[in-house]
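The values are calculated or read from the model by the stated rules, or taken from the named source; none is laboratory data. Quick caveat: nothing in here was measured; it's all calculated off a predicted structure. Cβ placement follows ideal geometry from the backbone for every residue including glycine, while neighbour counts extend to all protein chains displayed.
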Amino acid sequence: MWKVQLKSSKEHCASDVERLENAIFPECVAVTWQEQREIQQNQDWLIEALYADEPDAADLAPLLSASDASDIQIEKVPDVDWVAENQRTFQPLRVGRFLVADHQHMNEIGSGETLILVDAGAAFGTGHHGTTLGCLEALVALAKLDRPNRILDLGTGSGILAIASAKLWRAPVLATDLDPVAVCVATENARVNDVASLIRTARANGFRHRVIMQSAPFDLIVANILARPLCQLAAAFPRHLSSRGQVILSGLVIDQEPMVLSAFRSAGLFLDSRIRSEEWSTLILSRTRH
């Protein structure tokens, strides 16, 4: 793995991030932007891009242009056993009635708590990220008000949100993901958590899958992906949502809320409430304008 680090004095916004992603993906594995004003007054942003192989000048030209960077550094990232590292640092997470824990900590469950058993791995999440945490909080809040009969977890990852939904409502959940490894992980996690009979998994790109069309309309759609794909898929949500249905969206930072909400308002869905965890945002929407 190779890391490219750029320093930019330009003040960047969400549209800059989208422009940069368009410029360099799929060559680049990931991009992170970190505001540095509190550290250096003359340096607004530190931008890092990760590459599987050592990049050449052709890879970096669009990155330099999109970021307006004045300085660039390239270094090899040491190989790390992320599975072992995640297992070493994993800590149980409590959200409402849920305890998200691995096998090492599963016995820490308290009276009245519901266990979501997920062993830390190299990817797909263990519930600790602000977006997954926000979605879990949203599910717990909705459980006090409603009882959806059919649920879609779009971009399921490790399957945590599908498992939580199945345990909250004992209702059928369709859990889909574009990544075939994620689908396998979610399938296994559903089995380990004794909800395999309620959760059906499938590999799907957005809403384009026969099983989604056959299972719709859904009373609840959870989509913890990214802001740009959410906007691209916005028009399809109401077509797969029941008249009383609700939507939980996450995978976006607070600054991206206006962009996402605008796309969904145009599709006929409106904000009910929001949950924020540090810089991350989770949005709950329905067909009712408030």
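Do the conditions hold for residue 283, that is, is it surrounded by 15 or more Cβ atoms within 10 Å (Cβ to Cβ) and modelled with pLDDT under 95? Quick ask: steps written out before the conclusion?
Values: surrounded by 15 or more Cβ atoms within 10 Å (Cβ to Cβ): yes; modelled with pLDDT under 95: no.
No: the conditions fail for residue 283.
Filter region 242-270 down to the residues that are touching a His at 6+ places or on another chain (Cβ under 7 Å) and aliphatic (A, V, I, L, M) and list them by number.
none
Sort out which residues of region 226-244 are under 22 Å from residue 157 (Cβ atoms), of a type outside the set (Phe, Trp, Tyr) and over 15 Å from the mean Cα position of the chain (by Cα), and write them in order of number. Even if it seems obvious, please write down each step before you answer.
Looking only at region 226-244, we keep the residues that are under 22 Å from residue 157 (Cβ atoms), and these are 226-234, 236-237, 240-241.
Filter once more, keeping what is of a type outside the set (Phe, Trp, Tyr): 226-234, 236, 240-241.
Selection gives 232, 234, 236, 240, 241.
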Could you run through region 202-212 and say how many residues are of a type in the set (Gly, Ala, Ser) and modelled with pLDDT under 95?
2
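Taking residue 221 as the residue in question, decide whether it is at pLDDT 95 or above, under 20 Å from residue 135 (Cβ atoms) and under 14 Å from the mean Cα position of the chain (by Cα). Don't jump to the end; show me each part of the working.
Values: at pLDDT 95 or above: yes; under 20 Å from residue 135 (Cβ atoms): yes; under 14 Å from the mean Cα position of the chain (by Cα): yes.
When the stated conditions are applied, residue 221 passes them.
Just one of 215, 158, 242 is in contact with an Asp or Glu (Cβ under 6 Å, 6 or more places away or on another chain), assigned by TED's automatic domain parsing to the domain that holds residue 116 and either surrounded by 15 or more Cβ atoms within 10 Å (Cβ to Cβ) or at pLDDT 95 or above (or both); which is it?
On the way: 215 fails: in contact with an Asp or Glu (Cβ under 6 Å, 6 or more places away or on another chain); 158 fails: in contact with an Asp or Glu (Cβ under 6 Å, 6 or more places away or on another chain).
Matching residue, one of 215, 158, 242: 242.
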Those residues of region 253-274 which are free of Cβ contacts under 8 Å to residues at least 60 places away in the same chain and under 16 Å from the mean Cα position of the chain (by Cα), in sequence order
254, 257, 260, 274
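What number of residues in region 254-282 are over 14 Å from residue 133 (Cβ atoms) and not in a loop (DSSP other than H, G, I, E, B)? It would help to see each step written out before you state the result.
As a first pass, look at region 254-282 and keep what is over 14 Å from residue 133 (Cβ atoms): 254-273.
Checking which are not in a loop (DSSP other than H, G, I, E, B) leaves us with 254-267, 270-273.
Result for region 254-282: 18.
Criterion first (crowded, with 19+ Cβ neighbours inside 10 Å, of a type in the set (D, E, K, R) and under 14 Å from residue 156 (Cα atoms)) does residue 177 satisfy it? Before the answer, list the steps.
Values: crowded, with 19+ Cβ neighbours inside 10 Å: yes; of a type in the set (D, E, K, R): yes; under 14 Å from residue 156 (Cα atoms): yes.
Yes.
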Would you confirm whether any residue within region 183-199 is touching a residue at least 24 places away in the same chain (Cβ under 8 Å), under 14 Å from residue 155 (Cβ atoms) and surrounded by fewer than 17 Cβ atoms within 10 Å (Cβ to Cβ)?
no
Of all residues in region 164-174 being touching a helix residue (DSSP H, G or I) at 6+ places or on another chain (Cβ under 7 Å) and crowded, with 24+ Cβ neighbours inside 10 Å, the one that is farthest from residue 151 (Cα to Cα):
164
For residue 132, are the conditions met, namely being in a strand (DSSP E or B), buried (at least 17 other Cβ atoms within 10 Å of the Cβ) and not charged (D, E, K, R)?
no
